[in-house]
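Nothing in this text is a laboratory measurement; each read-out follows from the coordinates by a stated rule. Remember, it's a predicted structure, so these values are computed and weren't measured experimentally. As a convention, Cβ positions derive from the backbone with ideal geometry for all residues, glycine included, and neighbour counts pool all protein chains shown.
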Amino acid sequence: MAKPYIGAPIKRREDIRFITGKGTYADDIKLPGMLHAAILRSPRAHARIRSIDTAQARAIPGVVWIFTLKDIGEMAVPVPMRMYKVPGLERYLQPLLARDKVRYMGEPVAVVVAESRYLAEDALDAIEVEYEDLPEVLELRAAMRNEVLVHEENGTNLAAVHEISIGDAARAFEKADYVRREEFRVHRHTGNPMETRGLVANFDVGKRELTAYGMTKLLHYNRQVIASFLKLPEHNLHFIENDIGGGFGIRGELYPEDFLIPFASMRLGRPVKWIEDRREHLMAANHSREVTCELEIAAKKDGTLLALRARIYGNMGAYVRTHGGLVPCSTAALLPGPYRIPNYQCKVHCVITNKTGMGTYRAPGRYESCFFRERMLDMMAADLEIDPVDLRRKNLIQPEEMPYEIGLTRPGTNPTVLDSGNYPSALNRALKEFDYDKLRPLQGRFENGRYHGIGLAYFVKNTGGLEPYEGARVVLRDGPSVTVYLSINVLGQGHETAMAQICADALGVPMDWISVFHGNTDLVPFGWGTFASRGTVMGGSALHLAAQGLKKKILTIAGDHLGAGPAELDLQEGKIYRKGTEAPALDLGKLVALVRHSTMHNQGQPELEETAYFNSNKMTHSYGVHLAHVAVDPETGMVEILKYMVVEDVGRCINPLLVHGQAVGAAVQGIGGTLLEELVYGENGQLLTTTFRDYVLPSSTDVPAIESVVLEEVPSPLNPLGVKGAGEGGMVGTGAALANAVSYALSSLGVEIKELPLSPDKVRALIRRRSAEQAR
Amino acid sequence: MSSKHTITVTVNGKSYERLVEARVTLADFLRNELDLTGTHLGCEHGVCGACTILLNGEAVRSCSLLAVQADGAELLTVEGLARGAELHPLQQAFQDQHALQCGFCTPGFLMTAYAFLKERPKPTETEVREAISGNLCRCTGYLPIVKAILQAAGKTTT
């Protein structure tokens, strides 16, 4: 048996084009006659539009067209929700361009199309919009008072409520020895891929076909929506993603621009390019994470968990976007985490404010819920004087309880079931790898002017059948060579390599025979996309099935030719063997030639190919532990991470190089989000963080040494590969582990972290406040 | 609108003469006029470093310079690093260490590291971290990039 490709740390084949400057991102695409669009955005958070005067702008030579909502006419649909359509949210969808009123700073008001980007931006400056300012509402509690209504016609800012009820929480609370109530908050921050959004739309007037480049994540779904908007048959649209400079949840969702640019191209009959700048990105692309949680916990005095009760509030911004209520609802869905908690009650509130609309950011709802739960567990451990590790160990779901049904936690879907895992084993491994027992004596200690703290967080992260299927097509060609066509797409993860590994093993051919194509709606007619760590779980499984199907076909044809039954043959490293013999009986080149020249060998078909869809409505759950050792300077509030570890069981690791890369990269994003990044609104609802000078991303000097331990102890039973998704585990526990570590560090000062970020100013303010309180 | 100027630049060893508007940035000039799209724009305000190129041997942010300021200069962009099919040791090290995922920031890191290693051929890890602290990457978490530059430093002796 040849050595499997799966599990080998194979270097990425896609790297060559990126390191030589030959990648093709949206802004690299140039088409003959191409025009350039720029978007006029509202500088106000909440205002009525009295008038828009474009006369002066239209007069600038090189300006081709300026349009507002009126020009779109009856075609002007709002951007639809794709998921988590909690009833009520549908009243708050975003129009393609502002209608009478603007509701957040950055809202698109008009579109300029010009011969160059420079000219388009000149024209933006020349458009005059008269606004009548309205009072704005930014914070949850103020919004829920409904004194300022963001959408007057709806009469409320509370867009929707979703309730979860498992067991009997009220009764459990009555009977509990121990209860505690806290309010936690995660701050507003977002993905910020290095490439901003952008697309090129090219409408072919003769064929009435639209080709759009720069689309990603959900090509097929997005095409369907845009086709319906443009009133074209879906097959007349070709969505192509090219290379993509990072996704992280924010990119590839439908935004107004994804309608406006194709619309402009269709109207003008010329290619139109729009590339977002960073300022636009920070104020117009989805924000995320801003969720507040009032959490109550009930337990026996020995630490056995009895119940959770929560009220979760999501600050949805001014409009409900494609993700619907996902961020706060998903926070609620996984709040119980890896623990046996028989009673759980939760009410989720989706609240509308004058901020930018909310969407997902890597590990949406998981990062937030992990912080809420794991922080509460540490507080409870301190109250009950139980070791925080023992408390977790006591309540972790045991391997023999798998699969473990939590109950109905998501709106309109199946009960949440933890598919498989050995949670205690991953905890033990994490403690050992981190050398936790050796570091623990440092807990809370003051050394060389800094307080030390060690924190941990346990997480579970679901993926898989969030959308029901993915497809793959595998073709054996001359050469011999193999082409793989995927319905999923790639945002930088390395699927061109990992998928070739999967195909090589399932088909039995050398990996270098295989070329992988993705990110084009014409390759595989149906599909969903790459998000929530589901690429390998769904797309990889589809590919595995397709490759196995093709192998069967190949062996049947070879058997006919060799006078053997397919079961007597095997295909390895591209050669067909009679089982138990060393010398190859037939090589694939010869087989391809046979089939190419006569259809008699393959049931009347000249091609050797197989398409398969992998269907699943179930979720895989990766799980693991984050551990952090921090030192906090009480003078500056600066948190330095001395050691950080991510331990995650991914079920099965296709390529350790890539999986470790995902874990470390996600951890650094999570650390940045926890310590540095925040979208800050100031007076009059002005977003203050509109550059990378104000919105601080982590850089190479902010990053500690991060150790990633990838486990494959318990493969998922839900797919043929046993994979559980590996894109977000490195992110989920960062907020929780750091908040716990900082709380331990500052425990002698009485500081308990209940709110993120842990930026120096905030940590210092907490220390000062507690010191002042204690002095009183 | 703005006035036009004729400029001459040498990019990756090749000389170009072009008539450009005074307000056109060097990055846009390279990308749009010369079709050298390996230089990327991540923020257009000089923070992210994706547009880093070499101007007369020094690493600069091409988004924050005007093309006319480069008149007479010698430029090196990511497209000029490899010699034919032979990768520069830095490029090879980036692949070896999985120092890129989406690849968008990569040209800026390569050019920053290239200029840095010319000046400091045998750096320490801390020096490497400081050298690239003005470049942002959202995928890798930087650690593999640091490793890659240290690997290349072992190989580049010039």
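A few points about this structure:
- Here B:Thr8 and A:Lys11 are evaluated by their C-beta separation; at R0 = 35 Å the FRET efficiency comes out at 0.30.
- Checking the cross-link pairs A:Lys70/A:Lys273; A:Lys11/A:Lys551; A:Lys552/A:Lys579; A:Lys551/A:Lys579; A:Lys101/A:Lys355 against a 18 Å limit on the alpha carbon distance flags A:Lys70/A:Lys273; A:Lys11/A:Lys551 as lying beyond it.
- Amide H contacts under 5 Å for A:Leu40: A:Val109, A:Ala110, A:Val111, A:Val112, restricted to partners 5 or more places along the chain or on a different chain, H placed in the peptide plane at 1.01 Å from N.
- For the pair A:Lys175 and A:Asp71, label points projected 7 Å from Cα toward Cβ lie 6.7 nm apart.
- Stretchable slack from A:Glu182 to A:Glu385, in nm (0.36 nm times residue separation minus alpha-carbon distance): 71.3 nm
- Cβ-Cβ FRET estimate between A:Ser771 and A:Arg693, R0 fixed at 22 Å, reported to 0.05: 0.10
- Estimated distance in nm for a label pair at A:Asn414 and A:Asn146, the labels positioned 7 Å out from Cα along Cα-to-Cβ: 3.9 nm
- Cα extents of segment B:4-79 along the three principal axes, largest first (Å): 29, 24, 20
- Spatial separation of Cα centroids for segment A:268-330 and segment A:348-375, in angstrom: 3 Å
- Annotation for segment A:633-727: GluC sites (Glu not before Pro) lying in DSSP loop with at most 11 further Cβ atoms inside 10 Å of their Cβ are A:Glu635.
- Other-chain or far-sequence residues with amide H under 5 Å of A:Leu408's (modelled H): A:Thr416
- For peptides A:436-444, A:496-504, A:567-575, A:235-243, sequence by mean Cβ density within 10 Å, most packed first: A:496-504, A:235-243, A:567-575, A:436-444
- Projecting label points 7 angstrom from Cα along Cα→Cβ for A:Thr636 and B:Ala85 puts them 5.1 nm apart.
- Euclidean distance of C-alpha centroids, segment B:93-158 and segment A:142-163, integer Å: 50 Å
- Once you divide the Cα radius of gyration of segment A:516-670 by 2.2 N^0.38 Å, the number left is 1.60.
- The ellipsoid equivalent to the alpha-carbon distribution of segment A:59-121 has semi-axes of 30, 12, 11 angstrom, derived from the gyration tensor eigenvalues as √(5λ) and listed largest first.
- Order of A:Val63, A:Val351, A:Val272 under a 10 Å beta carbon neighbour criterion, fewest first: A:Val63, A:Val351, A:Val272
- Overall shape: oblate for segment A:1-90, with the ratio a/c of the largest to smallest alpha carbon gyration tensor axis at 1.5 or above and b/c at least equal to a/b.
- Helix-only [θ]222 nm of chain A, DSSP H runs n ≥ 4, -39500 (n - 2.57) each, per residue, nearest 500: -8000 deg cm²/dmol
- Qualifying trypsin sites (Lys or Arg not before Pro) for segment A:87-167 [loop in DSSP, other Cβ within 10 Å: at most 13]: A:Arg145
- Residues B:Ile53, A:Ile641, sorted so that the one with the fewest Cβ neighbours within 10 Å comes first: A:Ile641, B:Ile53
- Cleavage-rule hits (trypsin sites (Lys or Arg not before Pro)) in segment A:635-710: DSSP loop, at most 11 neighbouring Cβ within 10 angstrom: A:Arg693
- Convex hull of Cα atoms in segment B:89-155, direction-averaged projection (nm²): 3.7 nm²
- Computed E for A:Arg445/B:Thr124 - FRET, C-beta separation, R0 35 angstrom, nearest 0.05: 0.75
- Values of log10 I(q)/I(0) for chain A across q = 0.08, 0.09 Å⁻¹ run -0.70, -0.87, by the Debye formula with one identical scatterer at each alpha carbon and no solvent.
- Potential lengthening between A:Arg311 and A:Ser51 on full extension [0.36 nm per residue; Cα-Cα distance subtracted]: 89.4 nm
- Extension gain, A:Glu401 back to A:Glu128 (0.36 nm per residue minus Cα-Cα distance, nm): 91.8 nm
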